[in-house]
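The values are calculated or read from the model by the stated rules, or taken from the named source; none is laboratory data. Keep in mind that this is a model prediction, so the values were computed, not measured. When we count neighbours, we look across all protein chains shown, and the Cβ atoms used for this are built from the backbone with ideal geometry, even at glycine. For accessibility, only protein heavy atoms count, side chains too; no ligands or nucleic acids. Shrake-Rupley method; radii C 1.70, N 1.55, O 1.52, S 1.80 Å.
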Amino acid sequence: MKAMNYRGPYRVRIADKPIPEIQHPQDIILQVTRACICGSDLHLYRGKVPDTRVGTTFGHEFIGVVQEVGSQVQNLKVGDKVLVPFNIACGKCTFCLQGLYAYCHESNAMSSTVGGVFGYSHLAGGFDGGQAEYVRVPYADVGPVLIPDGMSDEDALLLTDVVPTGYSAAEMGGIKKGDTVVVFGAGPIGIMAARCAWLFGAGRVIVIDCLEYRLEFVKKYAPCEAYNFKSMDDPVLFIKRETDWLGADVCIDAVGAEACGNALQSFTGKTLMLQAGAATALHWAINSVKKGGNVSVVGVYGPTDNLVPIGNVVNKGLTIRANQTSVKRLLPRLMDHVHNGIIRPRDLITHRFALEDIADAYHTFSAKLGECIKPILIPNGTY
Ligand SMILES: NC(=O)c1ccc[n+]([C@@H]2O[C@H](COP(=O)([O-])OP(=O)(O)OC[C@H]3O[C@@H](n4cnc5c(N)ncnc54)[C@H](O)[C@@H]3O)[C@@H](O)[C@H]2O)c1
Ligand SMILES: [Zn+2]
Ligand SMILES: [Zn+2]
């Protein structure tokens, strides 16, 4: 089969790999019909994630058709069309039983922090991902969900990560009626977080980024106010000024480790890699939220150290919540929202590439060419 193949930082290509086989009676083999590239894949692509091995296939956002089922799989049969959450979860451990599927204690023997994730380095279990014609899906009775008749493939595709992560960013913010919510980052995750902030009762939603085309997009999609931090002397001061000098009620970091905007953070976090990414957006979030406010972090950072102003967190009495999103827990209500037209995820998709054009797809998304917001991949023969 054709599959995305990591060759080293900034080098990806299509390679021939054997079609995966059932390795455990609870596995299925899925023929992939659509897959995305995620902002999280860019951390891998740029060589920022430890233990990303040459030869790995990335891809944790995909849908497809069940091709083969293991002997213990009960809920799925050959020919079913499913969307697959990015978390790999056993469904039975102490964390899965609480709905914390991202922290499954069984699916990733490599780590005691995060559970298994498709195509996300050996740190997250070493599973091959879905930027391929076929993918093996473990614990198939736990993660995959049938795509209902009438739901568009592209909506279903974004329910594997973008919609639940944006929604959970807003949910973790503990937004109260009338709150001012500031979202750092206008990528797919920040855009969805801004959109979902209204569902929790926000009174004002402000998005901060430096890419004009994304700011223009989110202004209409969320809809919200959107500002370019490159045109501000100091984003923290700007937000204070906008909020009667009190600060925002809730700040959301939807940027993560590869933030720009602060030379020292970028140099130590991205160039020298002395810290696990540039914590610029997190700094701004902590410093521009009001005293007693909430900071919600879905931007991804590496282990272990970051230059974060923890003293300000203590002195201001902030609540910080963060997660790798447990997708499956949120799917029932989010599928309802999509069904009822409250969220239209497919509007975020700007680029559609044949799987063969994987190098072009990564480069376009990484360099933000052609006003790219969300690129998807289409395996041969599934148009
Ligand atoms: N926690 C989870 O479960 C989860 C799931 C998916 C993605 N993520 C993470 O969410 C983050 C965003 O993902 P995405 O797909 O939207 O990525 P993306 O790369 O498309 O978007 C990131 C955006 O942040 C902007 N940005 C850079 N520095 C900034 C700063 N200092 N302030 C404000 N904006 C800044 C960039 O211009 C870009 O538009 C990534 O770190 C990704 O790994 C987390
Ligand atoms: Zn993702
Ligand atoms: Zn589990």
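Quick notes
- For the chain, carbon and sulfur atoms together expose 52% of the accessible surface, with a 1.4 angstrom probe and every protein chain in place.
- With semi-axes defined as the square roots of five times the eigenvalues of the C-alpha gyration tensor, the equivalent ellipsoid of the range 156-219 measures 18, 16, 8 Å, largest first.
- Packing-based ranking, highest mean first, of 185-192, 118-125, 217-224 given that Cβ atoms within 10 Å are counted: 185-192, 118-125, 217-224
- Two-site label geometry, ALA367 and LYS176: point separation in nm, points 7 Å out along Cα→Cβ: 4.9
- The lysines whose alpha-carbon is closer than 18 Å to the alpha-carbon of LYS17, local same-chain residues fewer than 8 away aside, are LYS2.
- With θ taken as phi - 60° and the Karplus curve 6.51 cos²θ - 1.76 cosθ + 1.60 applied, the whole-hertz 3J(HN,Hα) list for the range 6-19 is 7, 10, x, x, 6, 10, 10, 8, 8, 10, 7, 10, x, 4 Hz, x standing for glycine and proline.
- A Förster radius of 25 Å combined with the Cβ-Cβ distance from ASN75 to THR319 puts the calculated FRET efficiency at roughly 0.10.
- Working note: Karplus 6.51/-1.76/1.60 with θ = phi - 60° gives the range 289-298 the couplings 7, 6, 4, x, x, 10, 10, 10, 10, 10 Hz, where Gly and Pro are set to x.
- The amide H of GLY130, built 1.01 Å from its N in the peptide plane, has GLY59, HIS60, GLU61 as neighbours under 5 Å, considering only residues 5 or more places off or on other chains.
- Cβ-Cβ FRET estimate between GLU356 and ARG333, R0 fixed at 56 Å, reported to 0.05: 0.95
- Of the residues ASP16, ASP357, the one with the largest accessible area comes first in the ranking ASP16, ASP357, computed with a 1.4 Å probe on protein heavy atoms.
- The label point for THR271 and the one for VAL65, both projected 7 Å from the Cα toward the Cβ, are 5.1 nm apart.
- Partners for LYS176 among lysines (Cα-Cα distance below 27 Å; same-chain residues under 8 apart left out): LYS219, LYS220, LYS240, LYS290, LYS291, LYS316, LYS328
- Per-peptide average of other Cβ atoms within 10 Å, ordering 132-142, 4-14, 101-111 highest first: 132-142, 101-111, 4-14
- In summary, the aspartates and glutamates within cross-link reach of LYS270, defined as a Cα separation below 18 angstrom excluding same-chain residues under 8 places away, comprise ASP41, ASP51, ASP253, GLU258, ASP305.
- Solvent-accessible area per residue for the chain (1.4 angstrom probe, square angstrom): 41
- Under a 5 Å amide H cut-off, with hydrogens placed 1.01 Å from N, GLY47 pairs with TYR10 among residues at least 5 apart or on other chains.
- Whole-Hz couplings from phi, Karplus 6.51/-1.76/1.60, listed for the range 155-167; x for Gly and Pro: 5, 4, 4, 7, 7, 7, 7, 4, 5, x, 6, x, 5
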